[in-house]
Amino acid sequence: EAPGRSGFAHLFEHLMFEGTKAVPDFSKAVSGAGGQSNAFTQEDSTTYYMTGPSEALPVFLRLDAERMANLANAVTQEDLANQRAIVLNEMRQNVLDRPGGAARIQSSAALYPQGHPYAHDAIGSIADLGAARLEDAVAFHRTHYVPSNAVLAVTGRFDAEAAKAQISATFGLVPRSER
């Protein structure tokens, strides 16, 4: 995350569930295939996962490739405002209002020099999240949500060769980053 943009990874974790023009309700599409989805953000990564029947693998791959390729074109100011409010509420509930929660944020700032990626908590700061603009969120997605920054893991009962073909047919169509 760039200076002044702490918490963007976590904010975008939430924005990724907003949907795209082709898939306006991501969660409904996942549950319609018999699955569930969720995500979490840590200092070095954001992990998205879906669980469900092996027959849903083509749907899950299509959905994740769709949001990687097209979410930046679909996210709106309203989406940003809604998800920012949720993230700020999470911050209050899980960090600031918890006994010792603020100490975690202060200890990171004290342990690492200013500018170090670990000098701030992955959840971000109220000031940085409050300053987030739609164009910042779109730029974050276009920079970081590209195939060269992703690791895809598939587990369960499935045909490996068929899965590789499905991955090529979905994620293989997502444009690569120029960086």
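Some points to look at:
- Scanning the stretch 46-53 finds no residues that are farther than 18 Å from Pro147 by Cβ, part of a helix (DSSP H, G or I) and out of contact with any helix residue (DSSP H, G or I) (no Cβ under 8 Å at 6 or more places or on another chain).
Residues checked against (1) more than 30 Å from Lys164 (Cβ to Cβ); (2) modelled with pLDDT of 90 or more:
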site	(1), (2)
Phe60	no, yes
Ala65	no, yes
Ala72	no, yes
Val87	yes, yes
Val95	yes, no
Gly101	yes, no
Ala109	yes, no
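- Taken over the stretch 153-172, the criterion of being among the hydrophobic types (A, V, I, L, M, F, W, C) and surrounded by 12 or more Cβ atoms within 10 Å (Cβ to Cβ) is satisfied by Val154, Phe158, Ala163, Ala165, Ile167, Ala169, Phe171.
- Positions within the stretch 1-41 being more than 22 Å from Asp79 (Cα to Cα) and of a type outside the set (Gly, Ala, Ser), in sequence order: Pro3
- Residue within the stretch 21-36 that is among the β-branched types (Val, Ile, Thr) and assigned to a helix (DSSP H, G or I) present: yes
The values are calculated or read from the model by the stated rules, or taken from the named source; none is laboratory data. All values derive from a computational prediction rather than experimental measurement. In this analysis, Cβ positions are derived from the backbone assuming ideal geometry, glycine residues included, and neighbour counts consider all displayed protein chains.
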